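Structure first, commentary second.
The values are calculated or read from the model by the stated rules, or taken from the named source; none is laboratory data. It should be emphasised that the depicted structure is a prediction, and the values quoted were computed from it without experimental measurement. In this analysis, Cβ positions are derived from the backbone assuming ideal geometry, glycine residues included, and neighbour counts consider all displayed protein chains.
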Ligand code: ADP
């Protein structure tokens, strides 16, 4: 039985009634908000699924990454690294993650943290004393790299008061240096985004000429917008000669040609120097070949460029076992979901219709009027369709629904704009805008929601719609990138069997209204059809069980099978 089905059969959902007896309903006046209370185990002990079929041809993969969920997660990159690593471990492969030892990492979430290596790694003419620690997070062995300088110090993963570009170039070299010092030679070094894209350059032009012979490099691009613009002398600080990469067939940023000085793009260098390049959905792959300044580089490297849809981790994201949910549920037993909705509504001071009964009902033309709850959980950046999120707030209020936005804005101007909206709406009966990051609350909101809104202008893959579906929130999305690969409109009759949500095309308010209006109408007028849609969305397997095999194929296409390389 697959993990997915096993999860559906979890007996834990049968224990709803005893849980309810002891359930303490939250309120906005609680001293500790409901999402900040103590949870039994966080996620550190999430076990790997035992029933996954093992691969016969096993390999060693090391991810070198700036993010890893849940300890150092800012967006989807963190989820992808953790989910993919766990899926490959479950299939029998050896997997490690190498991560900067950010000062903000909460050490209590790491099991068996131990100092394993003290070594020197190069930066700007000096050898920096560096510690490598080993520990376990979510069942994955992790090597934490901690330089003795100021890099990676601060309260957050990004935005510390050090030069981020130089810190990640240092980290890229420090990971290779650690492999060289310890003699660890994985089959695959899997780098992610611009932050670790200097590693392929360092590997092929430096460490491969030293003792590292076996590894081959896979680069995953999670978002083409961030390309690691870099001055030649900044790259030179890692010991490479930055000037030799300033050519169109290597790493020059094509948009800066003719400028003084011309700049490099670490991401472009990563594309050129990696053995395989993956982006996170088939539609985003097509989009990036057709537009954007990197398209010519991607076209030149087309034969090693793949589109592999991200998955979600079926154990970490499982409403039948999720430790953050006050009441568990699954596609067969949905009552728990109603209690999660009531729990969140009470905790945020939103009006509540009682779960399962018609208390407080408003009868219009014989139809019980219900209030759908829409959530939008996102980084508040232009890519995510900020004007559409703001419009949705107004329109959902007009439609008589409720909406919760959970988001953090890295840009002060955007933060202020949403803060003003929060001041305007948060005392009212329909809308809550919460400007913060909370992993715990995000789980509860997906579980509470009837609908999850993802109105992105572009979206390489998008995980929010997949988490939403897994937790029974019907997705309302713009047709772009991975959203187009995972959500299919219920009124698209050419594709009825896949239909699982509401999709709109345009970036104008009218297009969004059209999708929201149809969703609200179905929710209010055809409750049985709605419940069927919820079940269908929950039962769709968006997990890594489905897609990790595509990564294994990519790895296999580039790895070497003996030491003669
Ligand atoms: P991106 O990687 O562009 O941020 P994705 O949809 O791929 O977008 O992944 C976003 C991830 O970050 C999801 O796991 C989402 O739940 C989470 N997330 C985004 N903002 C917040 C927040 N403010 N609090 C908690 N989780 C968040």
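A few notes on this one:
- Whichever residue in the stretch 492-510 is buried (at least 17 other Cβ atoms within 10 Å of the Cβ) and out of contact with any helix residue (DSSP H, G or I) (no Cβ under 6 Å at 6 or more places or on another chain) and, among such residues, is nearest to residue 457 (Cα to Cα): 503
- Checked against (1) at pLDDT 95 or above; (2) surrounded by fewer than 22 Cβ atoms within 10 Å (Cβ to Cβ), residue 280 passes all but condition (2).
- Inspection of the stretch 389-399 finds a residue satisfying the criterion of being surrounded by 17 or more Cβ atoms within 10 Å (Cβ to Cβ), within 15 Å of the ligand (Cβ to nearest atom) and modelled with pLDDT of 50 or more.
- For the stretch 137-154, the set of residues classified as modelled with pLDDT of 95 or more and either part of a loop (DSSP other than H, G, I, E, B) or over 14 Å from residue 98 (Cβ atoms) (or both) consists of 148, 149, 150, 151, 152, 153, 154, listed by residue number.
- Against the list (1) touching a strand residue (DSSP E or B) at 6+ places or on another chain (Cβ under 6 Å); (2) modelled with pLDDT of 95 or more; (3) surrounded by 17 or more Cβ atoms within 10 Å (Cβ to Cβ), the condition residue 94 fails is (3).
- Of all residues in the stretch 329-350, those satisfying the criterion of being touching a residue at least 24 places away in the same chain (Cβ under 8 Å), under 16 Å from residue 535 (Cα atoms) and part of a helix (DSSP H, G or I) are 335, 336, 337.
- Test: residue in the stretch 64-81 that is more than 12 Å from the ligand (Cβ to nearest atom), farther than 14 Å from residue 544 by Cα and surrounded by fewer than 24 Cβ atoms within 10 Å (Cβ to Cβ): no
- Yes/no for residue 417 being modelled with pLDDT under 95, farther than 16 Å from residue 348 by Cβ and either surrounded by fewer than 24 Cβ atoms within 10 Å (Cβ to Cβ) or over 23 Å from the mean Cα position of the chain (by Cα) (or both): no
- Checking each residue in the stretch 219-272 for being away from the ligand (no atom under 16 Å from the Cβ), out of contact with any strand residue (DSSP E or B) (no Cβ under 8 Å at 6 or more places or on another chain) and assigned to a loop (DSSP other than H, G, I, E, B) picks out 240, 241, 247, 248, 249, 250, 257, 258, 259, 260, 261.
- Where helices (runs of 4 or more DSSP H) sit wholly within the stretch 410-512, those with at least 3 residues that are at negative phi and within 10 Å of the ligand (Cβ to nearest atom) occupy 439-448, 464-470.
- Boolean, residue 309 is under 25 Å from residue 456 (Cα atoms) and either over 25 Å from the mean Cα position of the chain (by Cα) or assigned to a helix (DSSP H, G or I) (or both): no
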